[in-house]
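First the structure, in the form of structure tokens, and then the observations on it.
The values are calculated or read from the model by the stated rules, or taken from the named source; none is laboratory data. Everything numeric here is computed off the predicted structure, so don't read it as measured data. Don't worry about glycine lacking a Cβ; one is built from the backbone with ideal geometry, like all the others, and counts go over all protein chains shown. Quick note on the areas: whole protein, heavy atoms, side chains included, nothing else; ligands and nucleic acids left out. Shrake-Rupley method; radii C 1.70, N 1.55, O 1.52, S 1.80 Å.
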Amino acid sequence: EGGLLGSQDVALAYKKAARKVVADFHFDMTGFWKGSEVIGLVSDHTDPESRALVKSLAETYTRLKTKEFACGYGCSDHASWNTAGYRSAMAFESDELEGNTNIHSPRDTIETLDFDHMLEFSKLAVAFAYEVGYDSTN
């Protein structure tokens, strides 16, 4: 992987064109968990307002609690949007970045995924899209 090259290009092009982006909500790896089943919220390269919204939506519309953790670097595409000045949040399959030891290996197969866990992320995505997309002036 080149590391954020595509998302940097898109985020900077949107900024240059003054495109309205209400928020970026990035999902990265949603099908595996280890330890406590939670929705991990990345705390760095995101903004507190978006994280608070995601936490509230998760508590309202999913069966999972959230737990914040730091990547320690721009670990995924949310960082490109945040760097470009857009509100950004990132949900992750657990509260441990390196928890899935199957990733990028021959063991990285559909049998290692938990579809019930993934469903909770789908609920969260729909709730977020509705919340940030709702325009009360219409």
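For the reader, a short list of remarks on this structure follows.
- Antiparallel content of DSSP bridges confined to the chain, in %, to 5: 20
- Within the accessible surface of region 1-84, defined with a 1.4 Å probe on protein heavy atoms only, the carbon and sulfur portion equals 51 percent.
- Sparse-neighbour loop sites [chymotrypsin sites (Phe, Trp or Tyr not before Pro); region 68-122; at most 15 other C-beta within 10 Å; DSSP]: Y73
- Here is the list for region 77-138: GluC sites (Glu not before Pro) lying in DSSP coil, each with at most 12 other C-beta atoms within 10 angstrom of its C-beta, are E98.
- J(HN,Hα) series, region 28-36, from Karplus relation 6.51 cos²θ - 1.76 cosθ + 1.60, nearest Hz, glycine and proline x: 9, 6, 10, x, 10, 8, 9, x, 7
- Distance histogram for the chain (every C-alpha pair counted, 5 angstrom bins, percent rounded to whole numbers): 2, 10, 19, 21, 20, 15, 8, 3, 1, 0, 0
- Charged side chains reduced to their Cβ positions (Lys and Arg at +1, Asp and Glu at -1) give region 66-138 a dipole of some 260 debye around its Cα centre.
- 5 angstrom amide H check on I39, placed H, neighbours 5+ away: K65, T66, K67
- Of G40, G72, G99, the one that fluctuates the most in a GNM where the chain has Cα springs shorter than 10 Å: G72
- Inter-part distance, region 46-70 to region 84-138, computed on C-alpha centroids, equals 11 Å.
- Taking trypsin sites (Lys or Arg not before Pro) across region 39-77, the ones in a DSSP loop with at most 15 further Cβ atoms lying within 10 angstrom of their Cβ are R63, K65.
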